[in-house]
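J.: I have a structure here, written as structure tokens, and I will follow up with some questions on it.
The values are calculated or read from the model by the stated rules, or taken from the named source; none is laboratory data. On a predicted model such as this, the values are computed, not experimentally measured, just so you know. No Cβ is skipped: glycine too gets one built from the backbone with ideal geometry, and neighbour counts run over all protein chains shown.
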Amino acid sequence: MSAVDTEHFRHIRRMTDRRFPHEIASILPGEFFVSGEPMVVYTVLGSCISACIRDPLAGVGGMNHFMLPVPREHQSGDAWGGESTRYGSFAMEQLINGILSRGGARQRLEIKLFGAGKIYEGNIDVGARNSEWVLRYLHDEGLPVAKRDLGDVFPRKIYYFTHSGRVLMKKITRIKNQTIVARESDYEYRLYKERNEPEQQSDVTLF
């Protein structure tokens, strides 16, 4: 298996920037990326979460970008183990298993968390719900968090260096939020459609 698995990540946009010494992989909501060679993984977060995870000894690292779908009306989806939390578990398992399958070891994982901003107007704090969930998930899995920057009202640009674990983060002023809100709203709609499609129409099993 190559250091960068082109079969699984061929859909991920890659680019170069003279400010950075390595190739950049840009991920969108619902995506993740893992590399066994030095790379930079980039994303823009609103209320979503990104977990930046690596095994320093194996030199394998990656990042995901996910959110929990808002529970249906009258459904206890906020409860631990509720329907919507399966999407968070799936996103974290994809990333962690991607690192382990490329030579990483669970006991050596270094985990950093970013995002969960309150970028939507109104009383519902989607970011806080995402933040609460991922912290509890990692606690229950016995995986310590090395660093986190969660909450606040600002979106974040994140550049994660898979080999060194370095993170460059820039908080974006709220006046520039509309693209981020639109992108996350589209992602949330896709999650909603997936949850409401008949089971036989989906070839993806969430567990």
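J.: What residue, among those in the range 104-140 that are among the small types (Gly, Ala, Ser) and surrounded by fewer than 16 Cβ atoms within 10 Å (Cβ to Cβ), is farthest from the chain's Cα centre (by Cα)? Walk me through how you get there before you give the answer.
T.: Within the range 104-140, the first condition is being among the small types (Gly, Ala, Ser), and the residues that meet it are 104-105, 115-117, 122, 127-128, 131.
From what is left, the residues that are surrounded by fewer than 16 Cβ atoms within 10 Å (Cβ to Cβ) are 105, 122, 128.
Details: Ala105: 20, Gly122: 24, Ala128: 15 Å.
The selected residue is Gly122.
J.: Now for a different question. May I ask you to verify whether Phe90 is in contact with a Leu (Cβ under 8 Å, 6 or more places away or on another chain), among the aromatic types (Phe, Trp, Tyr) and at pLDDT 95 or above? Before the answer, list the steps.
T.: Details: in contact with a Leu (Cβ under 8 Å, 6 or more places away or on another chain): yes; among the aromatic types (Phe, Trp, Tyr): yes; at pLDDT 95 or above: no.
Here the answer is no, as Phe90 does not meet what is asked.
J.: Name, by its number, the condition in (1) at pLDDT 95 or above; (2) crowded, with 21+ Cβ neighbours inside 10 Å; (3) over 21 Å from Ala105 (Cα atoms) that does not hold for Val41.
T.: (3)
J.: If I ask for residues that are in contact with a helix residue (DSSP H, G or I) (Cβ under 8 Å, 6 or more places away or on another chain) and either small (Gly, Ala, Ser) or more than 13 Å from Ala51 (Cα to Cα) (or both), which ones from the range 142-169 would you list?
T.: Gly151, Val153, Phe154, Pro155
J.: Any idea which of Gly98, Gly104 is within 30 Å of Glu37 (Cα to Cα), in contact with a helix residue (DSSP H, G or I) (Cβ under 9 Å, 6 or more places away or on another chain), in a loop (DSSP other than H, G, I, E, B) and at pLDDT 95 or above? Write out each step before concluding.
T.: Details: Gly98 fails: in a loop (DSSP other than H, G, I, E, B).
On inspection, the qualifying residue turns out to be Gly104.
J.: Can you pull out the residues in the range 34-56 that are outside any strand (DSSP E or B), in contact with a His (Cβ under 6 Å, 6 or more places away or on another chain) and within 21 Å of Val145 (Cβ to Cβ)? Spell out how you get there, then give the answer.
T.: Initially, the range 34-56 is screened for residues outside any strand (DSSP E or B), giving 36-39, 46-48, 56.
Among the residues that remain, those that are also in contact with a His (Cβ under 6 Å, 6 or more places away or on another chain) are: 38-39, 48.
Passing the criteria: only Cys48.
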